[in-house]
1. Roughly speaking, what is the stretch gain from residue 67 to residue 371, that is 0.36 nm per residue apart minus the C-alpha to C-alpha distance, in nm to one decimal?
2. I want the antiparallel fraction of DSSP beta bridges within region 6-384, as a percent rounded to 5.
3. Per DSSP helix of 4 or more residues, -39500 (n - 2.57); summed, then divided by the residues of the chain. What does that give at 222 nm, rounded to the nearest 500?
4. Whose amide H sits under 5 Å from the amide H of residue 48, counting only residues 5 or more places off or on another chain, with H placed in the peptide plane?
5. For region 213-228, take each phi angle, set θ = phi - 60°, evaluate the Karplus expression 6.51 cos²θ - 1.76 cosθ + 1.60, and give the result in whole Hz per residue in order, putting x for glycine and proline.
6. Sorted by packing (mean other beta-carbon atoms within 10 Å per residue), highest first, where do 285-293, 160-168, 211-219 land?
7. Could you list 61, 312 so that the one with the fewest beta carbons within 10 Å of its beta carbon is first and the one with the most is last?
8. Check residue 295: other-chain or 5+ apart residues with amide H under 5 Å from its amide H, H built from backbone geometry?
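Each reported figure results from applying straightforward, stated rules to the coordinates on display, with no laboratory input. Here the structure is a predicted model, which is why all the values come from computation and not from measurement. Backbone-built Cβ (ideal geometry, glycine too); neighbour counts: all protein chains shown.
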Amino acid sequence: MADETTAVVWDSALLEYDMGDHPLNPVRVELTMALARELGVLDRPGVQMITPRPASEIDLTRVHRADYLDAVRLAPIDPFFTGWGLNTADNPVFEGMHDASARICGATIAAAEAVWNGSARRAVNVSGGLHHALRARAAGFCVYNDPAVAIAWLLEHGAQRIAYIDVDVHHGDGVQAAFFNDPRVLTVSLHETPLALFPGTGFADEIGGPDAEGTAVNVPLPPGTEDAGWLRAFHAVVPSVVRAFAPEIIISQCGADAHRLDPLADLRLSVDGQRAAYVAIRALADEICDGRWVATGGGGYALVEVVPRAWTHLLAVATGEPLDPETRTPKGWRELAAQRCPGSPVPESMSDGVPPVMEHWSPGTTDPVDRAIQATRTAVFPLHGLDPHDPRD
Ligand SMILES: [Zn+2]
């Protein structure tokens with residue numbers, strides 16, 4: 001029964017997306033799958049493991065230019081290669097880069113396909129979420145944009161209305177750009193303000209192109225935003241616009257870099273707050289689109305302390321009961337983490353110790369989070385027939 005099935009897309013070959021001495025270290029994905037496995041999350045009833053194939057040229061060129069694919073293939077074998085955003089500090093080239101990047105896209109397509117054809121109700125690809133890649137340019141550690149490629153696959157296979165929800169600390173610029181003027185795709189991104197953080201886009205007034213006004217929604221949050229403020233912003237914006245848009249399926253990019261320990265950004269969430277975000281996205285999918293939810297990973301650079309716990313919570317939320325935050329991390333996993341990342345503190349609990357609180361926002365206050373909420377609602381709510389000032393939603 002699809003209603004009881006969650007597809008988890010996995011193959012250790014997905015770890016080959018490895019930029020070397022670089023913040024995006026695939027050990028975070030390896031440790032995530034190990035933690036989920038040791039906690040029994042992958043052995044739950046209804047979990048269907050899927051081994052993905054690399055995305056095809058046809059799949060990739062729905063989003064990326066064919067000459068860019070050629071560049072990605074060529075770059076690792078040409079030591080003097082420049083251009084296309086490649087061979088830079090952010091996007092170093094590596095052997096097998098095209099195949100590894102295409103495999104991650106294939107994994108997110110496999111997740112989308114399982115949910116779209118009804119063989120699973122929900123699906124997760126923790127290795128995906130490379131949301132910065134552009135049509136003909138690598139950006140922000142991302143070579144090919146797997147969420148965009150999967151959304152394009154869904155559109156090609158009959159989907160009419162797709163909602164993309166991006167909770168990575170960075171703006172989901174590549175996905176927004178791919179569908180900016182497409183009224184069939186709603187992109188919603190909560191992120192640290194572009195005034196302070198890469199990629200420098202994601203302002204409230206980026207609302208979509210002339211044929212799709214209101215289908216890009218951006219919530220730029222001030223540095224230092226904690227669980228309560230972040231969840232307040234989520235609940236003040238996301239459910240209302242997603243309900244109004246009435247998608248058939250939700251794709252979420254669940255980058256874990258909004259956590260307070262993340263070394264690359266300045267929001268201050270806990271894993272408990274991140275867990276609450278995943279629960280909220282699942283509830284939205286249950287309410288609005290019969291549970292159809294495809295989740296990917298994304299950023300996250302606290303490789304041991306944050307990402308494995310956040311995405312194990314994500315896998316648990318997608319496969320059944322959320323894990324009790326008080327769950328201890330298994331000894332075997334702690335030993336593996338210490339061995340793989342010597343010197344890094346290894347967490348003993350699945351909680352950061354503080355249950356997140358949820359409050360309603362207040363129009364007209366000077367609180368910087370509430371002002372950000374107000375700006376986003378003013379920019380897009382009227383385009384969806386919603387009242388930007390109603391504090392009840
Ligand atoms: Zn990020």
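1. Numbers: separation 304, 0.36 × 304 = 109.44 nm, distance 4.31 nm.
Additional length available on full extension: 105.1 nm.
2. Details: 4 of 37 bridges.
Roughly 10 percent of the beta bridges in region 6-384 run antiparallel, per DSSP.
3. On the way: 11 runs with 136 residues, N = 393.
After summing the helix terms and dividing by the residues of the chain, the value is -11000 deg cm²/dmol.
4. Excluding prolines and chain starts, which carry no amide H, the hits are 6, 7, 8.
5. 5, x, 8, 10, 10, 10, 10, x, 10, x, x, x, 4, 9, 3, 4
6. Details: 285-293: 19.8, 160-168: 24.9, 211-219: 23.0.
Highest to lowest by the protection proxy: 160-168, 211-219, 285-293.
7. Numbers: 61 16, 312 29.
In order of increasing Cβ crowding within 10 Å: 61, 312.
8. Amide H neighbours of residue 295, under 5 Å, 5+ apart: 123, 124, 125, 252.
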